[in-house]
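The values are calculated or read from the model by the stated rules, or taken from the named source; none is laboratory data. Predicted model only: the values in this text are computed from it and were never measured. Note that we place each Cβ from the backbone using ideal geometry, even for glycine, and neighbour counts take in every protein chain shown. Side chains are part of the model used for accessible areas, which takes the heavy atoms of the whole protein and leaves out ligands, DNA and RNA. Shrake-Rupley method; radii C 1.70, N 1.55, O 1.52, S 1.80 Å.
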Amino acid sequence: DELDLYDSLRTLGWIHTKLSRPLGEAIHQTIYTAVQQKIAGEYEDSTLFTSIMSWKDSVVVPWVQDVISPTLYTTLNWDRTLDYAASECFCEIRIKEIFDIVADYPDSLPAIRELAQALDRTRMHGKLAVELRKSLKRRLIHPGANTSQIIHVYINTIKVFREIDPSDELLEAVV
């Protein structure tokens, strides 16, 4: 039985020593895979971030509590750790898709608003700016690019980044 195994691992003290790092990595990879399957390429659904956080609460949290015990879950502040991990995975996937999200604006507005929520939790704004700058250079700034397409994407970039950060600090980091 799984619960007996977890209890034995706790009794041996392995959960906090030998298995702490692999457990954390496995949880993160599981969250990343689930988030990717749920949100990748889907920009018009405004419930994805909430859905991911609900999934974390209903699936991941109970499992982690079973593994490390509800008491240690609370003591070690795993709720905060898992909340950050889910938000981070959400941001990582959306950051990889940022060029397509910008190009699809305004249809991608739900994805942009959810990304802003997740960025507020993770503070990954700098990574977003770096990735968009790279994507713009790779996919737009080349001899075969259509001038009207370049202008359209740059205008959308301004609109998207103002939606994410009305102070324009993020926009300044990209341009």
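Laid out as a table, the results:
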quantity: Helices (runs of 4 or more DSSP H) enclosed by segment 86-175 - at least 3 residues per element that are farther than 24 Å from residue 42 by Cβ; calculated: 125-139, 147-164, 169-174
quantity: Qualifying residue in segment 53-73 (condition: in contact with a Ser or Thr (Cβ under 9 Å, 6 or more places away or on another chain), farther than 27 Å from residue 4 by Cβ and aliphatic (A, V, I, L, M)); calculated: yes
quantity: All positions within segment 86-125 that are among the small types (Gly, Ala, Ser) and either touching a Pro at 6+ places or on another chain (Cβ under 8 Å) or open to solvent by 10 Å² or more (accessible area, probe 1.4 Å) (or both); calculated: 103, 116
quantity: Residue count for segment 142-169, restricted to those that are within 27 Å of the chain's Cα centre (by Cα), farther than 21 Å from residue 107 by Cα and not small (Gly, Ala, Ser); calculated: 2
quantity: Some residue of segment 132-148 being among the β-branched types (Val, Ile, Thr) and in contact with an Asp or Glu (Cβ under 7 Å, 6 or more places away or on another chain); calculated: no
quantity: Search result, residues across segment 1-42 that are part of a loop (DSSP other than H, G, I, E, B) and under 21 Å from residue 64 (Cα atoms); calculated: 1, 13, 14, 15, 16, 17, 18, 19
quantity: Among (1) of a type in the set (D, E, K, R); (2) over 13 Å from the mean Cα position of the chain (by Cα); (3) in a helix (DSSP H, G or I) - the single one residue 45 does not satisfy; calculated: (3)
